[in-house]
Amino acid sequence: MQQSTYVRKLLEKIALDQKRPVADVEPFINVLEQNWFDTKEALRDLSDQDYQNFKIPTRIRTLIQQAVNQDEKQQQEEGWDILFTRLASQINEQGQFLKTCSIIQKILRNILENQLSLNFQKISKTSTTLVNNILNYSVAWDILVRLGFKVQGEFVVVNFNLQLSEPFNECLSYLQLILEPQEQFNPFKSNVSSVTGVTTTQIANNDGYDVYSFNEALERLKMKRFEIMSSRVDDREIILYEASQNQSIQSIQQQITDQDDFEDVQPHQDKALLSYIKQIAQTLEEQQFASKRKKEYQDLFSKPIYDRTVIRVKLQGDLMLEAKFAPLEQLQKLYDLLKDLIVEKDVQFYLYTAPPVQKMNAKYLVQTFEDLDSVPSGLFYLGQEKQQNYTIRPDIKRVSFR
């Protein structure tokens, strides 16, 4: 299993958002990981020359920079209560959570109490205590970065100044709430934070305590779903059906499905994936999402995953063409296929759906078959502004119902 570094998660998400196969960004993930640009802080330091040396396309560079900047902006907007609730969710064991908090508290106090000593402003990044209790948890590291810490050579350092006094003291105040026995603070239960006025109860009511790990699992599911539904189709299995004169669309479709060799498109049956979906769905029941949001997730989990969709196009006369596509291919691919199959290259046409009649203009051509509710099957019509006769290439398989 590949390690889920920050750069891997980021670039896979970029591919997902751009509706591109994850395999397209794998070379860039590898080159960045091989050159130790695998953290948010390292990506932030990438220069334009670095991007050129690594041969990373300009568009991907822009998306990386936007994502890193957005992450940092979101991190700065989060209150300490949200950050420490995230940390509690990530560690998911109260003893270790309290130990990590105690170490963060000790680091901050040492710096505040010895502001003239640079020795307290740097820690060896190979320190067992630092690695096991801070660096092993990305949220703990996020907290230190929020306070000005960074990796510099073989050390984790902070250049302490008066501007950092306020965030240091705010963080220590919140840590005091967590660590003082008389407060009996438990991050795994509902408690009020007196620092920012936001309660962990509110966080739980809005998202649920395990929302961060849940969302991560959800992103992995979406990514896997994207990979399956955008998998390459090497054989379109094109068939041209020749129906009887004036036969209805419904009758043609029924005759197609009644054939002895007809095989309907079946949902993806990967047992490991189905088990994973079931596991996330069960986790969903433990979350405290709003009912509308919960229903959206339930719909996602219950929706079958297909790696193929059967698309039929009603042509002129009594002809109907059938071909298979990946569900996340764009409608443009169907248009291009028809241009290739029509012998007369000067024929002008467009696609539409009915009823009601909806012409598939440029806006629709960039949509996927899933966007157009055409999975596991879809029906389109070939229309013409000016009627021209045309023929389909003779090498295409034909089935006659006449």
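The values are calculated or read from the model by the stated rules, or taken from the named source; none is laboratory data. Bear in mind that the values here come from a model prediction, so they are computed numbers and not experimental data. The area values use the complete protein model at the heavy-atom level, side chains included, leaving out ligands, DNA and RNA. Shrake-Rupley method; radii C 1.70, N 1.55, O 1.52, S 1.80 Å.
A few remarks follow.
- Average 1/r across all pairs of distinct alpha carbons in region 295-402, invert it, and you get the Kirkwood radius: 15.1 Å.
- With all protein chains kept in place, the per residue accessible area of region 104-147 amounts to 52 square angstrom at a probe of 1.4 angstrom.
- Residues of region 339-402: accessible area per residue with a 1.4 Å probe, Å²: 63 Å²
- Cross-link pairs beyond the 31 Å C-alpha cut-off, checked among 122/224; 55/324; 19/40: 122/224; 55/324
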